[in-house]
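Reviewing the structure listed below.
The values are calculated or read from the model by the stated rules, or taken from the named source; none is laboratory data. Predicted, not measured: the structure shown is a model, and the values here were computed from it. Heads up, the Cβs are rebuilt from the backbone with ideal geometry, glycines too, and the neighbour counts pull from every protein chain shown.
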Amino acid sequence: MQIRQTNQVLNFDKHPTFEKDIDLKQRAWIEVKGRALESNVRKLRSKLSKDCQFMAVVKADGYGHDAKVVSEYAIKGGASQLGVATLKEGIKLRSHGVKKPILILGNLYTKRDLIISFKNDLMPTISSIRECLICNNIGKHFGLKFSLHLKVDTGMSRLGFESDKFIQEFEKIKSFDNISIEGIYSHLSSADEDNSLDPKSITQLQKLKFKKLLKKINVDSNHNIKIHLANSAGMLLNKDFHFHMVRVGLSMYGYSPLAKTDKNLCLKPALFLKVKVAFIRVIDQGVRVSYGGKFVSSRKTKLAVLSIGYADGVPRNLSGKIKAIFKNKLYPQVGSITMDQMMVDITASDEIKVGCTMVLLGSEGDKTISPIDWARESDTIPWEILCSFKNRLPRVQVD
Ligand SMILES: Cc1ncc(COP(=O)(O)O)c(C=O)c1O
């Protein structure tokens, strides 16, 4: 390739030119630690009885980690099923060669989507007789049984059959010849709240409702139907929530949703958010920094400009509330976080240079910053922090 610049002809053949030539770690990136995921699944599985299965919840691109990598390591750790939210997420995993059973946790309501789900060997979640009938017809058309899970609402008021009507409807569903009921499940709304072990808590009442319902439909006698209720919090509360399978997301990624968790569990964060220092400047005392000029330096200050901003998924309302780690020391972020960059006060460091890497989430030495810390500061939940990271941040798998 030749490029004419001013009067010179430059030969670029030997030089990096294309998008693929860009170093993934040139700006900001997410490191995904496969072995941490695998080890978290093993540790969590050790809390389950032998015949209780572990469904790895890998929706939203594996909570922002990369669903393909997460699935691979979760399966290595012993996950026997995967949970996704959408048809597309399920198909993508199948295209990567994932063979394990996959449950779509969201609702498919058109015949078209249900046919696609069937043809890709994905199990839909069914919340009404109408969709059950569509599945039965699809099964009949292909001369096969359509595998699916039935969902019952016990307190989320989201998806699921109404629990009062389910007993009657289950009788009807059992008579459909071309569906195979692989599971019956419900979802906990408040298991991460501090009072979840209190018999009067929402969580205990949900469990009670679910158990009563199962008794009424006499499902225990049919061991082929998997019963499941617990998310991470439910799973960590106690065995009473485990039934035949648990559906685990957050804790598999290394974070406990409970305020009090068994210290011996030692979950390891699987996501590290790292960023390069792109520029350094020194400002005098009394100088405004970033949009709105809300931060004013109280002394001569050395600023590192980091190549990451809210367009990468760092919430803007964390401005001035987060820190970056470099060589086991913490440096405060100052001024408004901008679309593509943010500033960090590195006055205390002689070592940080342009091109150095700082850690925004994860650990270095004995310093750790977790999505739980960010969530607390930005009045949200760690799930949202993890799912907010955009595709502009390359996911780099490390072990
Ligand atoms: C139906 C269902 N089951 C399980 C999970 C996993 O939850 P957690 O990440 O708290 O483990 C989710 C996540 O939102 C969900 O929607």
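In segment 319-340, the qualifying residues are those that are outside any strand (DSSP E or B) and β-branched (Val, Ile, Thr), and the one that is nearest to the chain's Cα centre (by Cα) is Ile322. Given the condition out of contact with any Lys or Arg (no Cβ under 8 Å at 6 or more places or on another chain) and among the small types (Gly, Ala, Ser), answer yes or no: does some residue in segment 130-139 qualify? Scanning segment 130-139 turns up no residue that is out of contact with any Lys or Arg (no Cβ under 8 Å at 6 or more places or on another chain) and among the small types (Gly, Ala, Ser). Count of segment 227-278 residues, restricted to those that are among the small types (Gly, Ala, Ser), near the ligand (Cβ under 9 Å from one of its atoms) and closer than 18 Å to Ile30 by Cβ, is 1. Quick one: which of Ser336, Ser363, Ser370 is among the hydroxyl-bearing types (Ser, Thr, Tyr) and under 25 Å from Ala191 (Cβ atoms)? Going through Ser336, Ser363, Ser370 in turn, the sole match is Ser370. Of the helices (runs of 4 or more DSSP H) lying entirely inside segment 160-261, those containing at least 2 residues that are at pLDDT below 95 and assigned by TED's automatic domain parsing to the domain that holds Leu144 span 163-174, 202-216.
Just give me the residues in segment 188-226 being buried (at least 20 other Cβ atoms within 10 Å of the Cβ) and within 14 Å of the ligand (Cβ to nearest atom), in sequence order. Answer for segment 188-226, where residues must be buried (at least 20 other Cβ atoms within 10 Å of the Cβ) and within 14 Å of the ligand (Cβ to nearest atom): Leu188, Ala191, Asp192, Ser196, Thr203, Gln206, Phe210, Lys226.
Condition check ((1) of a type outside the set (A, V, I, L, M, F, W, C); (2) surrounded by 14 or more Cβ atoms within 10 Å (Cβ to Cβ)) across all residues:
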{"residue": "Ser336", "(1), (2)": "yes, yes"}
{"residue": "Met339", "(1), (2)": "no, no"}
{"residue": "Val344", "(1), (2)": "no, yes"}
{"residue": "Ala348", "(1), (2)": "no, no"}
{"residue": "Asp373", "(1), (2)": "yes, yes"}
{"residue": "Pro382", "(1), (2)": "yes, yes"}
{"residue": "Asp399", "(1), (2)": "yes, no"}
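Being in a loop (DSSP other than H, G, I, E, B) and of a type in the set (A, V, I, L, M, F, W, C) is the filter; apply it to segment 341-399 and report the residue that is nearest to Lys323 (Cα to Cα). Among those that are in a loop (DSSP other than H, G, I, E, B) and of a type in the set (A, V, I, L, M, F, W, C), it is Ile346. Cβ-Cβ contacts under 7 Å between residues 6 or more apart (or on different chains), taken from a first residue in segment 293-312 that is free of Cβ contacts under 8 Å to residues at least 12 places away in the same chain to a second residue that is in a strand (DSSP E or B) and of a type in the set (Lys, Arg), are listed as Val296/Arg288.
Remark: pairs (first residue in segment 154-167, surrounded by fewer than 21 Cβ atoms within 10 Å (Cβ to Cβ); second residue of a type in the set (S, T, N, Q); Cβ separation under 7 Å; 6+ apart in sequence or on different chains) = Gly155/Ser189; Gly155/Gln206; Met156/Ser189; Leu159/Asn107; Leu159/Thr125; Leu159/Ser127; Ser163/Thr154.
Listed by position, the helices (runs of 4 or more DSSP H) inside segment 41-114 whose residues that are over 27 Å from Cys135 (Cβ atoms) and away from the ligand (no atom under 14 Å from the Cβ) number at least 3 are 67-77. Out of Ser349, Ser370, Ser336, one residue alone is in contact (Cβ under 8 Å) with a residue 12 or more places away in the chain, within 16 Å of the ligand (Cβ to nearest atom), over 15 Å from Val275 (Cβ atoms) and of a type in the set (Ser, Thr, Tyr). It is Ser370.
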